[in-house]
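The values are calculated or read from the model by the stated rules, or taken from the named source; none is laboratory data. Note that the structure is a prediction, hence the values are computed from the model and not measured. Cβ placement follows ideal geometry from the backbone for every residue including glycine, while neighbour counts extend to all protein chains displayed. Each accessible area value is taken on the protein alone, full model and side chains, heavy atoms only, with ligands, DNA and RNA left out. Shrake-Rupley method; radii C 1.70, N 1.55, O 1.52, S 1.80 Å.
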Amino acid sequence: MLAVCPGSFDPITNGHLDVITRASTIFEEVLVAVGQNSTKQYLFTAEERVELVRDSTAHLPNVRVEELSGLLVDFVNARGGRVLIKGVRFAADFEFELQMANLNSVVGGVETLILPAASQWSTLSSTMVREIAVHGGDVSRFVPEAVTRRIRLKSAGEERADG
Ligand code: PNS
């Protein structure tokens, strides 16, 4: 069975990777859908976010990655999927996911399964990673290696542009 893991992944964190990895042990196929939330501004372009998720999941043979455009339920139905996987850290996540899950179920007949975030990553967010990164801090313990490398390249490029 195919499961879809949707998100913005700006950038992918160790918490996301943990959920994707656990999903890949439960489902035959996992498709990571890298989407746009129209209310958000992104640090990484869609192409960069897709590439970083691809690099970070390259060791998982039953995981593939695609950019999501349009409605998530249309994307899932077009690929013959029926199930979304969402990682949830705390109550605020759950309330938001409950709303989205109901909508996606009513609008598109797509069910949502929730995986609790691993305790090690239960307070980690892409927002915090971006905040550390833009101030030149070290994010290496929170994100896959491909992301650390990309952030270092970005900062080096910006320093060169400034200097
Ligand atoms: O990581 P995020 O920002 O919570 O991911 C949100 C995302 C991209 C999965 C969501 O915004 C989405 O599904 N966008 C596609 C458009 C859509 O179907 N919106 C309705 C979902 S309730």
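Some values worked out for this structure:
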item: Odd one out for LEU31 among (1) more than 13 Å from the chain's Cα centre (by Cα); (2) in contact (Cβ under 8 Å) with a residue 24 or more places away in the chain; result: (1)
item: Residue selected from the stretch 52-68 under the condition part of a helix (DSSP H, G or I), touching a strand residue (DSSP E or B) at 6+ places or on another chain (Cβ under 8 Å) and away from the ligand (no atom under 13 Å from the Cβ), by the criterion most open to solvent (accessible area, probe 1.4 Å); result: ARG54
item: Residue identified as farther than 18 Å from VAL19 by Cα and touching a helix residue (DSSP H, G or I) at 6+ places or on another chain (Cβ under 7 Å) among LEU153, LEU72, LEU60; result: LEU72
item: Residues within the stretch 1-45 that are part of a loop (DSSP other than H, G, I, E, B), near the ligand (Cβ under 9 Å from one of its atoms) and not polar (S, T, N, Q), tallied; result: 4
item: Of the criteria (1) more than 14 Å from the ligand (Cβ to nearest atom); (2) buried (at least 16 other Cβ atoms within 10 Å of the Cβ), which one ALA117 fails; result: (1)
item: Residue in the stretch 104-113 that is of a type in the set (Ser, Thr, Tyr), part of a strand (DSSP E or B) and in contact with a strand residue (DSSP E or B) (Cβ under 8 Å, 6 or more places away or on another chain) present; result: yes
item: Any hit, the stretch 69-92, residues being more than 16 Å from the ligand (Cβ to nearest atom) and surrounded by 15 or more Cβ atoms within 10 Å (Cβ to Cβ); result: no
